[in-house]
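These notes are about the structure you will find just below.
The values are calculated or read from the model by the stated rules, or taken from the named source; none is laboratory data. Note that this is a predicted model, so its numbers are computed, not measured. As a convention, Cβ positions derive from the backbone with ideal geometry for all residues, glycine included, and neighbour counts pool all protein chains shown.
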Amino acid sequence: MILQQEAVDLDTPTGPMRSYVYRPVAPGRYPGLVLFSEIFQQTGPIKRTAAMLAGHGFVVIVPEIFHELEAPGSELAYDDAGAARGNAHKIGKPVRAYDDDARACIAWLRASPHCTGKTGAMGICIGGHLAFRCAMNPEILATVCFYATDIHKRSLGSGGDDSLDRVGDIRGEIMMIWGRQDPHVPAEGRAIVHQALATRGVTFTWHEYNGAHAFLRDEGYRYDPALALSCQRMALDLFARKLGDGDLAQAAKAGGEARH
């Protein structure tokens, strides 16, 4: 599908949050997705991931996760300095503020005339953890978390990371995707998360692959294109099954008629 993009500033208790919306140009209403980035914010790989999701018939909103700490439009570099800056932000921002940001995105999607009101979430690295917490909102029907960091260590943000304690708040279906060669979430860490989901009766699927941290990111030496494509397909299938297609079929028909 042909897409259009726009930037919006959402009100949050900690100030305006620059966010980026990707959606089909075709008229109609489509399910909504909140896409949470890595610590580097909306870089090229995140933009391309958002476009991929939107191109399959979703309204996608990408918030700047460190909007209180960086100027609007800031992208951190994929280098040691960028990683250090992003990691400092990650632990310095209050957990409550992350949750407020997620609720602002959900509210924006559900109020959008382009969205069906059905919403899901997806996240990568710290974004996987933020998507995990976003799933604790009852409006989120499906969630995909790529190698979510810090859940097992309870080390997200300041003010107390209670993600493991709140696992039972997840009402929708959640998909957890991991790389076995990821040093940030070793086997014992993954086991802690799995046990929490299983013992609290959450509907979830669990996928472990021979992959490094950041295998989804289409820049850098850790990128695994075949594995990334396979996981993206699984994510799209989950979202289609739980959120529906909206007006995707009508848009496809209209597009076909226009070409003829």
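Couple of notes before you dig in:
- Residue that is nearest to Thr43 (Cα to Cα), among those in segment 96-119 that are surrounded by 16 or more Cβ atoms within 10 Å (Cβ to Cβ) and among the aliphatic types (A, V, I, L, M): Ala102
- Looking across segment 17-42, just one residue is free of Cβ contacts under 8 Å to residues at least 40 places away in the same chain and surrounded by fewer than 19 Cβ atoms within 10 Å (Cβ to Cβ), and that is Val25.
- First in segment 71-83 and closer than 17 Å to His184 by Cβ, second anywhere and surrounded by fewer than 15 Cβ atoms within 10 Å (Cβ to Cβ), Cβ under 7 Å, 6 or more apart: Tyr78/Glu219; Tyr78/Gly220
- Residue match in segment 7-16 (condition: touching a strand residue (DSSP E or B) at 6+ places or on another chain (Cβ under 7 Å), touching a residue at least 24 places away in the same chain (Cβ under 8 Å), closer than 23 Å to Lys242 by Cα and not β-branched (Val, Ile, Thr)): no
- Restricting attention to segment 180-189, the residues being within 17 Å of Ile39 (Cβ to Cβ) and in contact with a strand residue (DSSP E or B) (Cβ under 9 Å, 6 or more places away or on another chain) number 1.
- Pairs, first among the small types (Gly, Ala, Ser) in segment 84-96, second part of a helix (DSSP H, G or I) and crowded, with 16+ Cβ neighbours inside 10 Å, C-beta under 9 Å, six or more apart: Gly86/Ile126
- Here Glu70 meets each of (1) under 30 Å from Lys242 (Cβ atoms); (2) in contact with an Asp or Glu (Cβ under 9 Å, 6 or more places away or on another chain); (3) acidic (Asp, Glu) with one exception, condition (1).
Here's the yes/no breakdown for (1) over 16 Å from the mean Cα position of the chain (by Cα); (2) not small (Gly, Ala, Ser):
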{"residue": "Leu10", "(1), (2)": "yes, yes"}
{"residue": "Ser37", "(1), (2)": "no, no"}
{"residue": "Phe40", "(1), (2)": "no, yes"}
{"residue": "Ile46", "(1), (2)": "no, yes"}
{"residue": "Ala50", "(1), (2)": "no, no"}
{"residue": "Leu53", "(1), (2)": "no, yes"}
{"residue": "Val62", "(1), (2)": "no, yes"}
{"residue": "Phe66", "(1), (2)": "no, yes"}
{"residue": "Pro72", "(1), (2)": "yes, yes"}
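- Within segment 162-195, the set of residues being of a type in the set (A, V, I, L, M), over 24 Å from Gln232 (Cβ atoms) and surrounded by 13 or more Cβ atoms within 10 Å (Cβ to Cβ) comprises Leu164, Val167, Ile192.
- Among (1) of a type in the set (A, V, I, L, M); (2) surrounded by fewer than 23 Cβ atoms within 10 Å (Cβ to Cβ); (3) at pLDDT 95 or above - the single one Met1 does not satisfy: (3)
- Qualifying residue in segment 244-259 (condition: in contact (Cβ under 8 Å) with a residue 12 or more places away in the chain, closer than 23 Å to Ser155 by Cα and part of a helix (DSSP H, G or I)): no
- Matching strands (runs of 3 or more DSSP E) fully within segment 17-113 where at least 3 residues are closer than 17 Å to Ala142 by Cα: 30-36, 59-63
- Residue that is in contact (Cβ under 8 Å) with a residue 60 or more places away in the chain, among the charged types (D, E, K, R) and farther than 19 Å from Pro13 by Cβ, where the choices are Lys153, Lys118: Lys118
- Residue check: Ile91 meets all listed conditions (1) surrounded by fewer than 21 Cβ atoms within 10 Å (Cβ to Cβ); (2) within 13 Å of the chain's Cα centre (by Cα); (3) of a type in the set (A, V, I, L, M) but one, namely (2).
- When the residues of segment 196-220 are filtered to those that are farther than 15 Å from Cys125 by Cα and hydrophobic (A, V, I, L, M, F, W, C), the one that is surrounded by the fewest Cβ atoms within 10 Å (Cβ to Cβ) is Ala198.
- Of the residues examined, Leu141 is not one that is crowded, with 24+ Cβ neighbours inside 10 Å, closer than 19 Å to Ile170 by Cα and either among the aliphatic types (A, V, I, L, M) or under 18 Å from the mean Cα position of the chain (by Cα) (or both).
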